[in-house]
Structure formats: C-alpha cells, structure tokens
Amino acid sequence: MTDPQTPPPSSPATPSDVTTVRDRVAGLMPGLVADLQTLVGIPSVAFPGFPSEPVDAMAAAVVDLLQRSGADDAHLLEIPGGYPAVYATVPGPPGAPTVLLYAHYDVQPAPPEQGWDTDPWVATTKDDGRIYGRGAADDKSGLVIHAGTLQALLPDPPVNIVLLIEGEEETISHLEEFVEAHPELVQCDAFVIADMGNQEVGRPALTTALRGDVSLTVTVRALDHPVHSGLFGGAVPDALIALIRMLATLHDDAGDTVVPGVSSGEWSGADLDEAQLRDSAGLLDGVSFVGTGTLASRLWAKPSATVIGIDAPTVAHASNVLIPQATAKVSMRVVPGTDPDRDLDALIAHLESVAPWGVQVEIQRVKTGWPFAVDMDGAAVRAAESALVDVFDREVETIGSGGSIPLINTLKQACPRADVILWGAEDTALARIHASNESVDPAEIERMVAAQVVALQRLGATVQE
C-alpha cells in the first residue's frame, strides 16, 4: 500500500477523466468479449506431443487482434527452438516513457478427465455472467486487456508501448534465452505483466511477490529384478517403500516443508479468507489445511514441496513382487529473496541423506526458476496503484502468488531500471486456472482495461511533469 503521508502520483486526471475512460472502455467491451470468445476456441496447447497447427493459428490470431487494435507493425517474432512470440511497437510522444505489455497466448491442456461441465474449447457464458473455457482467464484475458488498452488510448498514446506476447509460458519456454540474446527488444521504463489477478472480483490488488520453482527426479534402486514378495519380503528392501520413506521426510506432522537449508519467511501484506480458499481449492469436507502460520505466509512466503509424479507399477498391473526401481518427480516452490540453485542443492542433499538401507539413489535436476519481489517505490507501480484505487473505488491490497513467471527475472536482468506491474483478471476465488471449468468475469476485464489505461496516462503525465 502507498504510504498515507505520500499521495500516489497523479496526472491532471480528475474523477471525471476516470469516468471518461471507463465509459470509453465500456463501449469497447462487446468487441473485446467477442475477441476473447474467438481466442478461447483455439486450443493453443504448446506442450510437446500436442499438434502445432492450433498454436500457430493462435499466434496468427494474436497478430490480427493487435493490428486491429492499432499496433500496425504487430508481427511474429521467431524464437529458436520454440513457438513464435508476437511483437509490436506503438510510438508515443517524444521523450515519453516506454511501457512493455506482456501476456501469453499458449494454454494448459484440458483433458476430459479433469471434469469439465462444458466444452473447454467453446467459450460459454453461464448464468453467473462468467465466460468459461480453457485460457479464458490464463492468459487470453491478458491479451484482451492489452488489446483494449490500445483501443482506448489510440491514436494518441501517452507513452511508447511495446507488446511482447509469449507462446510457451505454460511449457518449456525458449523466450528467456531469446531475451538474453536480444535485450534491446525489451528496453523500457516499466513491464506490465497481465497474467495475475485479484483475490476476488472487484477487490483490487497488486501482486508484489512470486515464489520460484525448482524440480528434480529421484530414482531409487534396490534390486536388479523383481522378486516374490512372500519369499523375500521382510528381509530384502523394496525400492518403492524406500522412496516413500524418503518423500515423507519433506514435511513435518503439521505439513510444513522442512528441508534443511531451504529458506522460509512470513507474509506482511494481505491475508486470505479461509472459507474462500477452501472453496476455490475444492477442499473436501473434513480435510484441513496443512502448514503453520497465516495462509498468506504458507502460500506466498514459505517453501512447499510437492510430489507431482511417481513411476511405479499401477494398481491394474500390480503383482506380488518387491519393486526393484521407482522414480518420483519433486517440485518445490521457493520464496522471494532466496537463491533457487542453493535451495535445489539443499533438496538434493536432503533426499540423498535420508535414503534408507543403502539403496542406490540417482537424482537429476530438472528446473530452476527464480522467485521475484516487486519494488513498490517505482513511478509506474505507484501510478498503477492509484489507478486501481480510482477505477475500483477501493483501497488496494498487496498480495503474492505461489506461482512462478521465470521470464520476469530475465526481463529485469535485461533492463534493470524498469518497474514491474503484476496484475490481471485471473481472480483467485473463481477463475480455476489450470483446472476444470476455468473462467473469467468480463466485468473484471473491463475494470482492468480501464485501470491500465489510467495508469499509463498517469505515468506519461508524471514523467513529463
């Protein structure tokens, strides 16, 4: 939150100016909703093994959307080894600051076994007014927010605008290496990342911290072949049992992740509503939360280790044998301010140290994603906060995210001077990103477009003053 002794930056914009922006954006919403519905209908899953044609079609659709919104030079940016990004520039007044608007056009898969109520590739508006479909929130809502911002600001944008739309945020991204090789393309005064959301619709927030993500695979071997569990069980070790014992040491009885040497902290911003979190997570009756401390600390300021996959015989193919080899994939979210390489080293050392019975252990590093913390003192962040206050007519919360956007650190390394704004229309309460029945509230998109327009107006006016 802004220090009450220091009012947020403002331009000559008055409440009537904000009303003018909101009226302008309201007039754009029918077209923006239609564009969102079209984009949801393109199954742009960039994961390996999925067809490339829908991803390429989505990239072309983004180019078309941005060009129709006024970014005449929007074009595909070929990314070596991956799907193309979409890039565009819109010049503002001489001497104006430059703002880079980021979103991504790829989406998570939507397998039927997730339990969708409607076709995930058909945008469906239900009685609650929300639009359902894969990517409706994450992150095709971000694309529409940026398109609406262009439409509301042009032909006279108050700042220089760069648009960078990624095609592989949900999978193995190749954009980070590209940005490292071409830092000149992302030079700006502020990065605006429209891939977040408020805790609930109509309750404005700025995301100020992202946990990082490290992962590994751990393979345990005990035998060179399966053996009869009756003849050998009780004296000969089982690799799967050994692996289970190792994985069980990642948490204490309360459910806190307790890997020696891994950093932990406490959250000082807004907390979460327990009932809302239970509902949004789909927690079953009688199941309690895990961990200690505030819910916000558990989700945004403490590490969390998760076993996201195990290779072992299935129940359908079970046999009365001791398992000779078993493998698990472990993902651990790490806290802002920590070194993820160090935390991954600590996780590896811990698993190696708790292996029982002399079993052989092989660990392979999979991923190291850096956490991120926002500097709240920048002019762009303060302009964003004041815009949220005026558009939503409510005070702004500072929240975190347990998720990760590794590209942000790459962008900051390429342009250290730039502020970072993290916001969007993916409300925590109901959006259900990555899950079945993903949805977005178009009224939240409308408010976020208006807030982004007002923030850019104020940023341009503040710097020019």
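Worth a mention:
- Qualifying residue in the stretch 295-303 (condition: at pLDDT 95 or above, among the basic types (Lys, Arg) and within 25 Å of Thr208 (Cα to Cα)): yes
- Taking first residues from the stretch 89-109 that are on the phi < 0 side of the Ramachandran plot and partners that are loosely packed, with under 15 Cβ neighbours inside 10 Å and not polar (S, T, N, Q), the Cβ contacts under 7 Å between residues at least 6 apart in sequence or on separate chains come to Thr89/Asp73; Pro109/Phe47.
- Failed item, numbered, when Gln413 is tested on (1) touching a residue at least 24 places away in the same chain (Cβ under 8 Å); (2) under 27 Å from Leu36 (Cα atoms): (2)
- Positions within the stretch 187-198 being surrounded by fewer than 23 Cβ atoms within 10 Å (Cβ to Cβ) and out of contact with any Pro (no Cβ under 8 Å at 6 or more places or on another chain), in sequence order: Gln187
- Residue within the stretch 316-336 that is among the β-branched types (Val, Ile, Thr), part of a loop (DSSP other than H, G, I, E, B) and under 20 Å from the mean Cα position of the chain (by Cα) present: yes
- Taken over the stretch 122-173, the criterion of being surrounded by fewer than 24 Cβ atoms within 10 Å (Cβ to Cβ), under 17 Å from the mean Cα position of the chain (by Cα) and of a type in the set (Val, Ile, Thr) is satisfied by Thr171, Ile172.
- Here Leu231 fulfils each of the conditions (1) touching a residue at least 40 places away in the same chain (Cβ under 8 Å); (2) more than 30 Å from the chain's Cα centre (by Cα) apart from (1).
- The set of residues in the stretch 227-244 that are under 30 Å from Ile308 (Cβ atoms) and surrounded by fewer than 16 Cβ atoms within 10 Å (Cβ to Cβ) comprises Ser229, Gly233, Val236.
- Qualifying residue in the stretch 248-267 (condition: of a type outside the set (A, V, I, L, M, F, W, C), surrounded by 15 or more Cβ atoms within 10 Å (Cβ to Cβ) and under 23 Å from Glu395 (Cα atoms)): no
- Residue among Ala110, Ala85 that is of a type in the set (A, V, I, L, M, F, W, C) and in contact with a helix residue (DSSP H, G or I) (Cβ under 9 Å, 6 or more places away or on another chain): Ala85
- Of all the numbered requirements in (1) over 30 Å from Val236 (Cβ atoms); (2) among the charged types (D, E, K, R); (3) not assigned by TED's automatic domain parsing to the domain that holds Phe191, Glu362 misses one, and that requirement is (1).
- Annotation: of all residues in the stretch 217-248 being aliphatic (A, V, I, L, M) and assigned to a loop (DSSP other than H, G, I, E, B), the one that is farthest from Glu362 (Cα to Cα) is Ala235.
- Residue within the stretch 367-387 that is surrounded by 14 or more Cβ atoms within 10 Å (Cβ to Cβ), of a type in the set (Val, Ile, Thr), at pLDDT below 95 and within 20 Å of Thr217 (Cα to Cα) present: yes
- Residue within the stretch 224-237 that is more than 27 Å from Ala318 (Cα to Cα) and of a type in the set (Val, Ile, Thr) present: no
- Residue identified as surrounded by fewer than 24 Cβ atoms within 10 Å (Cβ to Cβ), in contact with a strand residue (DSSP E or B) (Cβ under 7 Å, 6 or more places away or on another chain) and touching a residue at least 12 places away in the same chain (Cβ under 8 Å) among Leu430, Leu422: Leu430
- Scope the stretch 304-358; condition closer than 16 Å to Arg211 by Cβ, modelled with pLDDT of 95 or more and hydroxyl-bearing (Ser, Thr, Tyr); matching residues: Ser304, Thr306, Ser331
- Residue satisfying all of: in the stretch 21-72; surrounded by fewer than 18 Cβ atoms within 10 Å (Cβ to Cβ) and among the acidic types (Asp, Glu); farthest from Lys126 (Cα to Cα) among these: Asp72
The values are calculated or read from the model by the stated rules, or taken from the named source; none is laboratory data. Note that this is a predicted model, so its numbers are computed, not measured. No Cβ is skipped: glycine too gets one built from the backbone with ideal geometry, and neighbour counts run over all protein chains shown.
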